[in-house]
Amino acid sequence: MKVFRIIGRSFRDAFKSVFRNFSLSMASILCTTITLLTVAISLVVAYNIQDITNSLEKELTIVVYLEKNATNEDAEFIKSSIEAMDNVEKAVYKSKDEWKNEMSEYDSSYQSLFDSYDENPLLDSFVVYVKDVKSLDTITNNIKALDKIESASYGKDAVNTMLSVFDFIDKVTVVIVISLIFVTAFLITNTIKLTIYSRRNEIEIMRLVGSSNIAIKMPFVIEGFVIGFLGSIIPVIITIYGYIILFEKLNGHVLVELITLISPYNFIFYIALIIMGLGALIGMLGSLLAVRKYLKI
Amino acid sequence: MKFIELKNVNKTYSTGVTALADLSVEIDKGEFVFVIGHTASGKSTFIKMLYREEKPTKGSVIVGGINVAKLRNRKVYKLRRKIGVVFQDFKLLPKLTVYENVAFALECLGTSAKDIRPKVMKAIEIVGLKEKIRSFPHQLSGGEQQRVCIARAIVNEPKLLICDEPTGNLDPETSKDIMKVIDNINKDLKTTVIMATHDKEIVNRMKKRVLLIEHGVLTGDYLKGSYKSHEGV
Ligand SMILES: Nc1ncnc2c1ncn2[C@@H]1O[C@H](COP(=O)(O)OP(=O)(O)OP(=O)(O)O)[C@@H](O)[C@H]1O
Ligand SMILES: [Mg+2]
């Protein structure tokens, strides 16, 4: 019961002091808003990139052609060697006849081309599925090093470019987000410092009459929480509506059919929840720093 | 065990000043004790030992069964809840009324709203400030402000009331009234009172036990009524 009363008082005091130090509180709230908006955008982008990468991983395969004189035993050995490699999902055998049929079906002009040969001019092959697109290059090189391999390849350039762009976006956003979080926490620390200073008489009396340390610190930590929470309102609204509208405008695709966005429902509420929690966390972090540094009790 | 027990207490501040030297004294429940001495003799330091504003460098301080010297910072509040403290400067919150200033002490401790009101009203009545309950500190005289502080100090019904020159800023007439209030608290509520003061007239008139501190040493312990101003300060 006592604890609830003290928490209740702390909330009242926190709101009061947000308004008492209005300009600095506003600066902290705005800074939190900007930070959280950036975090929200980064998260939305990062999750979508992850999603796209996952679907690319399912599409991307390495095609391995065996040398013409490769025997069945060679094929068996190559299959087991490939499947023993790290990050390889499976290697599926595809004979030259299967290729021939498939190509003929795809385009009848191949049919006449094949007819001009006595023998099937194609090669037996493996289609290799990987677990992680980042290891495509390594696996391909390892396969090339095996015996009786004519060639091994995947859609190298397009994938590499996309992956390196994704990687770059990831790194840049991480750096921006971390710096923004620090700046915000610092600003909140200073806001709370001002509150501590403006309430130093009150704190002195509280200590004198026997408030526990927790009861003295609580209002400041809750003030940080309130600042963080107020700062998260606008980002949450913008994130939810922004993403839903964007998704509908784009019909769920970016540029090509292959790249689909994550459907907004649940996903965007999940992001909003993270943003809100992060706002409260940054606020409390900032105020805890201030309390530790400036509230000598 | 006595209510308050100081044994061989030494206090040397970080500046190297020794404010108390080998001081031992015992005080019973319900006593009224003056602490006198020249300026810088160590009166305030003695007082600060009792509510753990300062820790002794050596020796032990026991207040109401609590070993103050060994009390951890985190636990100091437990001691403070048993003690009321009044200073020379009033330390009231300027934006709160008389009632709110007194109630503040209880709110800090998480007392429920329905318990706060009767306790606050009783304390304000004891110090005789019922008519000014809605006034703000700046609307009160010095004596009235000190009454508010006393009300705040006793609102939680402490066993011990500590005063460091409570009349230091007041004229002789007002001081007299304040002393009457403190004396009544001692008599009616059986609250132990320890008061540091410069004011010889008050000490002579009230005929209480007197502790004389000189250069940090307890040089006199005069039992009730036996102190005459010519003997010491
Ligand atoms: N926080 C402190 N740090 C260092 N020295 C201190 C501190 N507080 C007091 N002193 C020194 O300790 C000695 C005793 O001070 P104290 O305040 O106890 O005296 P006092 O008897 O209350 O004096 P007064 O009658 O002027 O109030 C003085 O020499 C003072 O300078
Ligand atoms: Mg003093």
Return a yes/no flag: does segment B:175-194 have any residue that is within 16 Å of ligand 2 (Cβ to nearest atom) and out of contact with any Pro (no Cβ under 9 Å at 6 or more places or on another chain). yes
Please specify each residue of segment B:187-212 satisfying the condition of being under 22 Å from B:ALA123 (Cβ atoms) and either surrounded by 20 or more Cβ atoms within 10 Å (Cβ to Cβ) or within 16 Å of ligand 1 (Cβ to nearest atom) (or both). B:THR191, B:THR192, B:VAL193, B:ILE194, B:MET195
Conditions (1) more than 14 Å from every other protein chain (Cβ to nearest Cβ); (2) charged (D, E, K, R); (3) in a helix (DSSP H, G or I): number failed by A:LYS68: (3)
Residue that is under 25 Å from the mean Cα position of the chain (by Cα), in contact (Cβ under 8 Å) with a residue 12 or more places away in the chain and either within 14 Å of chain B (Cβ to nearest Cβ) or buried (at least 21 other Cβ atoms within 10 Å of the Cβ) (or both), where the choices are A:GLY228, A:GLY224: A:GLY228
Checking the structure you have, find out if any residue of segment B:46-55 is touching a residue at least 60 places away in the same chain (Cβ under 8 Å), hydroxyl-bearing (Ser, Thr, Tyr) and more than 25 Å from B:ASP183 (Cβ to Cβ). no
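Coordinate-derived values only; no laboratory data. Small disclaimer: the values here were computed from a predicted structure and weren't measured. Heads up, the Cβs are rebuilt from the backbone with ideal geometry, glycines too, and the neighbour counts pull from every protein chain shown.
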